1. Of the conditions (1) within 29 Å of A:THR244 (Cβ to Cβ); (2) part of a loop (DSSP other than H, G, I, E, B); (3) open to solvent by 10 Å² or more (accessible area, probe 1.4 Å), A:LEU103 satisfies every one except a single condition; which number is it?
2. Which residues, taken from region A:231-254, are open to solvent by less than 10 Å² (accessible area, probe 1.4 Å), more than 8 Å from chain B (Cβ to nearest Cβ) and within 25 Å of A:GLY150 (Cβ to Cβ)?
3. Quick check, is B:LYS149 within 14 Å of chain A (Cβ to nearest Cβ) and charged (D, E, K, R)?
4. Give the residues of region A:50-66 that are among the small types (Gly, Ala, Ser), more than 7 Å from every other protein chain (Cβ to nearest Cβ) and surrounded by fewer than 23 Cβ atoms within 10 Å (Cβ to Cβ), sorted by residue number.
5. Quick one: in region B:20-45, which of the residues that are in contact with a Lys or Arg (Cβ under 9 Å, 6 or more places away or on another chain) and surrounded by fewer than 18 Cβ atoms within 10 Å (Cβ to Cβ) is farthest from the other protein chains (Cβ to nearest Cβ)?
6. Provide a single number: the residues in region A:67-79 that are facing chain B (nearest Cβ under 9 Å) and in a helix (DSSP H, G or I).
7. Could you tell me whether any residue of region A:264-277 is more than 25 Å from A:PHE141 (Cβ to Cβ) and aliphatic (A, V, I, L, M)?
8. Of the residues that make up region B:160-182, is at least one basic (Lys, Arg) and open to solvent by less than 10 Å² (accessible area, probe 1.4 Å)?
Amino acid sequence: MIIRGDEPEQVRLIRKLYKPGNYFMQGNEAVAYGAIFAGCRFYAGYPITPSSEIAETMARELPKLGGYYLQMEDEIGSIAAMVGASWTGFKVMTATAGPGFSLMQENLGYAVMTETPLVLVDVQRSGPSTGQATKGAQGDFFQARWGTHGDHPIIAVSPTSGQDAFWETIRAFNIAEKLRTPVVVLFDGVLAHTREQIRIPDIEEVEIAYRKLPQNEEEAKLPFGDPHGDGVPPMPLFGHGYFTHVTGSTHKENGLRDVYTPEVHDRLVRRIHRKIEQNREVYEKYEEHFTEDAEILVVSWGVTARPALGAVLKARKEGINVGLFVPKTVHPFPSERMRELAKKARAILVAEMNLGQMIIEVERYVNDDVLLRGVNRIGGVPLTVEEILREIRGVA
Amino acid sequence: MAKKIYSTYPMVKYLRKEALPTALCPGCGGGTVLNAFANAVDQLKIDPKDLVVVSGIGCSAWIASPYFLADTLHTTHGRAIAFATGVKVGLPDKKVVVISGDGDLASIGGNHLLHAARRNIDITVILVNNFIYGMTGGQVAPTTPFGAKTTTSPYRNIEHPLQISETVAAAGASYVARWTTAHVYQLIESIKKALQVKGFSLVEVISQCPVQFGRRNRMKEPAEMLRWFLKNSVPVSKAKKMSPEELEGKFIIGEIINRQRPEFTEELNKLIDEVQEHFGLKGE
């Protein structure tokens, strides 16, 4: 069994096509190149602003690498095709935006339940509904977490720049492969369309992970078991004669449906949760700036983390003891570190391009005596350094 | 008793024994479809290791998944063909088969059905048409005959049924045939052809649902439904000479279309070859 994109030939092709160096490109293109470096060789999608350049870049580049671009009839078909392709051994990705992400939710739940690795990039745009289709936003924080039904874990990462998008997309693939789970990349329309300098590394500099494959017949017969105790079952790929049965219904370790026994559902869903909980080191990631002595803490994510850093740097020059905490994996939230930082802070500001979403998550880890305030803006224009600085001064 | 049937039924080697007996109602046409499919696979000597069977949601989705012993992917409602599209691109040398019902494939899944036919991707679809939503309790479907009674059209159905085979043929499929569960041998032959055709193929099987459809439409017994199929079946050749009024309420059976068109996965791989050639990327 092989994971496609894993062949030694691919290293030669990547070296030949993408010389290391600095390029001037859009955030969306950086996501696409990140996926290509991570080994993605199957992309199924449906065009939607502001994500379309990811599809365009994949359509142009994938055939050069022997990879497949499929433009499906809708978003539901796109994620469905990805799941099918993932079970044949492809690393797969799609990109979409708000309304398309809504359409994908049912099959995102299917991917969670069937433990299918895939990467779903949501280039957040203004909503609800069609909203401002061409403008960026950070309003899908909770759609990523709770968009599909049932008790389910989800992993979502969120890049803060074009360069970061390249590396975070690779990280998303590695998490998906290591934990046999879908991973959401919460990108946004602002960074997606911003052109900036992005360094493309040599392929050797990139850590690439592959899903666990069954080592023997016995493991292959239990595609939803836990032979290694880490909650991650080896994945018997289709086409290798294992007669694997995959269903989104509650299933036993051997894959066969059993929706009548409470224990079977309990065991399956709890293991899928445990798999994410007990492997925190695989995905937990955050950035900190000046947090050692911060009595004021700014918490921010994605596109807003950049003006937030600018504001913190300026405020520091003014002698304000302020720090910045940026979760890079936003789901599951870096709760432990957040709790530690919240203990030391007198005031916490949560800056984001929405009317207050991550702040609800932050609030869970903050005591009542801390001043907690949102710095929010909607309308498609990102928060500025000055606006965030003003709020910092206001609580200083 | 049941055990004895399993041990003497020659097609049992193709079934997941641990999943038997099936959950299908007594008199359901699903068993006939499973039997016909297993016989087609057997007669063509297809190794089940070279098969991936995909299905959606509903009674007919159960026919091959979990019962057929191959790689099986039981998916979300309506999306089986889209899932199968990803499987086929990943495994172009395998036979990818979708077996599901009319509600699943032609209603909620209608969009995927049309576009898979348009792409002409090499997937074989066996669409079991029983005119009803069986598993959810016998509600009206896009295939329910005009005037028929269901739990959600208790007075009568005032919508016109979708002609699935004709629609899929018009959308661009390579092979389309329609039979009923009363035409078992013809059905097996058509499934065999569909499996061998390079391109999108659809075999529509008109199938009896005595429990949800029949008993509300004066056909409580499975045999009554089969007699209804036989009495109202019109071969394609004869139907061509009949007026739309004469064809009202009839089942047109036989091959609707059989033609060659460029196939999607082959074209996709050809394109990749051309691109790699063009950019000088072929291995030394």
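The values are calculated or read from the model by the stated rules, or taken from the named source; none is laboratory data. Predicted model only: the values in this text are computed from it and were never measured. All Cβ positions, glycine included, derive from the backbone under ideal geometry; neighbour counts span all protein chains shown. Areas reflect the complete protein model, heavy atoms only, side chains present, ligands, DNA and RNA absent. Shrake-Rupley method; radii C 1.70, N 1.55, O 1.52, S 1.80 Å.
1. (2)
2. Listed by number, the residues that qualify are A:GLY231, A:VAL232, A:PRO233, A:PRO234, A:MET235, A:PRO236, A:HIS251.
3. On the way: within 14 Å of chain A (Cβ to nearest Cβ): no; charged (D, E, K, R): yes.
Against the criterion (within 14 Å of chain A (Cβ to nearest Cβ) and charged (D, E, K, R)), B:LYS149 does not qualify.
4. Result: A:SER52, A:ALA59.
5. B:GLN43
6. Going residue by residue through region A:67-79, those that are facing chain B (nearest Cβ under 9 Å) are A:67-70, A:72-74, A:76-79.
Of the ones still in play, those that are also in a helix (DSSP H, G or I) are A:76-79.
Of the residues in region A:67-79, 4 are facing chain B (nearest Cβ under 9 Å) and in a helix (DSSP H, G or I).
7. The answer is yes; a qualifying residue exists.
8. yes
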